[in-house]
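To start, the structure under review is shown below, and the notes come after it.
The values are calculated or read from the model by the stated rules, or taken from the named source; none is laboratory data. As the structure is a computational prediction, the values presented were derived from the model and not from experiment. Reconstructed Cβ throughout: ideal geometry from the backbone, glycine too, with neighbour counts over all protein chains shown.
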Amino acid sequence: MSFRRLVAPVFVAVAVSIAALVALAAFAARQQDAAALAAEKQVLQQEMRSIHGSLAVLAEDNAWWDAAVENISLEENIDWIDSTLGESVIGISQIQGVFIVRRDGTMAYGNFVAALPPPHVFLDAGFADLAKTMEIPENFKPKSTSGFLEIDGDLIAFGASMVQAGEVKSLPPIPDEKRALIIFVSLVGKDDIERIGEDNAVKGLKFTTTPSAEDNTLPVLSHNGDLVGHLCWRPSAPGSEMLRYMVLPASILLVIVIIALGRFLRQANKVLEELARADKAKSAFLASTSHEIRTPLNSIIGFTELISLELYGKVEGEKNKEYLQLIRESGEHLLSIINDILDISKLEADRFEIYAENVDPRAVVASACKLVSASALERGVTLSTDCLPAETLSDERIMRQVLINLLSNAIKFTEPGGSVTVTGLSRGRFYDITITDTGIGMSEHQIETALSLFGQVEGELSRQHSGTGLGLPLVTRFMDLLNGQFDISSKPGAGTTVTVRFPLYREDA
């Protein structure tokens, strides 16, 4: 495994974790900012409603009163009005003006501080229309309303209530044209707005008719829902503030993580280099040992064959001849194992040389089948081929070795009476050679074991045959070396199908 492939999951895990934490923190901050903004709007709405709502309560207390009916509706007693209602301007801090407006929209009385506009401005701003359009209440039931006005950029709160009998005295009915409104007004100035903001921890609260896009706004409405202006302020955004405070410690933590990752990468690289050196040393040892063993082993096989041929003297006794045959077969088997180990060593060390050429796959299949046919006949396994003509770009020697390994395995693990079939055809850019047997088959876990170096599948039949577990690992490495492909599918008791795909020959290849 390359160093990059080894450390890539670590980097991905760290990056995903950091991204997830950042996303979670940003989401939590947005949620907290939204909750804070909603709370600020709710508080300000309540504050503003309480301003004009309290004026409506005061107006209703003075309008829902038999004395008010007598001195306002039935008889406009200015002295009584001035002494009873007019003193509210002086005696109650939240009231800066008192007006009595007749049903026809004219002013019957007005008392206000100098800071307020003159009465006719209030009439034009909406009080006249309010008096004309306000619904006549049922007998002995109050009728009030409240809201805001905007006059010359100033915010005015008002509470209005229609004069109504309290059912204490027996009074004549009030003619509709004699109905009048008692209206209390209060100037909500800049200082008042700022005080509301300070009391509720709202920064930069102000009233304006043209809100800024950077500020949060809350509409200010009249008694009938018309837009009067806006309250604007800078949102507190506690979540965003929290993120800003976290930037420094998070940056320090990130630097620590990066330093730790750097140390980890250096150590991991060092370990991998040591493993690579150990692997090369192992491969060199195996190659050297294989060469050292193969030389005398070839002599043993050769001399055994010469003795068996009886060129220099007769071998007496059938047992001696049988032993010579066993020595030769054992030597050849051991030589094949050593050759496999040597091939693996060369492949692991990237020193295996290939010679690509135009190869007839049918000829290679026929040659491989001929070499394993004796084994198939001995085990009672039927071997058949059906390959279509084609030309492949491959190394004939390696190609033959791949097929011999696969055919040997298929025959070895197929019970007597079974069959091994070899088919070949061109498919896309490759020539597919498929070897199908009716043998014992393997599970997914057993396939994984068989593809690993020196891996041997445990089983009743497999234990009857010797082997090093290098057949399939060699095949997979050879196919990679030839730019081919390897695929295996199997089920226990249902046989195994192996497909090797060799690149087709092209003139420009």
Taking the stated definitions as given, is V57 of a type in the set (A, V, I, L, M) and either exposed (fewer than 13 other Cβ atoms within 10 Å of the Cβ) or touching a Leu at 6+ places or on another chain (Cβ under 9 Å) (or both)?
-> no
E273 vs. criteria surrounded by 11 or more Cβ atoms within 10 Å (Cβ to Cβ), part of a helix (DSSP H, G or I) and in the same structural domain as Q46 (by TED's automatic domain parsing) | no
Please work out if L123 is within 24 Å of N77 (Cβ to Cβ), assigned by TED's automatic domain parsing to the domain that holds R179 and more than 60 Å from the chain's Cα centre (by Cα).
-> yes
In this structure, does T423 turn out to be farther than 30 Å from A276 by Cβ and either assigned to a helix (DSSP H, G or I) or not aliphatic (A, V, I, L, M) (or both)?
-> yes
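Here is a yes/no grid of residues against (1) among the hydrophobic types (A, V, I, L, M, F, W, C); (2) in contact (Cβ under 8 Å) with a residue 24 or more places away in the chain; (3) touching a Phe, Trp or Tyr at 6+ places or on another chain (Cβ under 7 Å):
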| residue | (1), (2), (3) |
| --- | --- |
| T210 | no, no, no |
| A213 | yes, no, no |
| S222 | no, yes, yes |
| W233 | yes, yes, no |
| Y245 | no, no, no |
| I259 | yes, no, no |
| F264 | yes, yes, no |
A390 vs (1) small (G, A, S); (2) out of contact with any Phe, Trp or Tyr (no Cβ under 6 Å at 6 or more places or on another chain); (3) farther than 20 Å from L474 by Cα: all pass except (2)
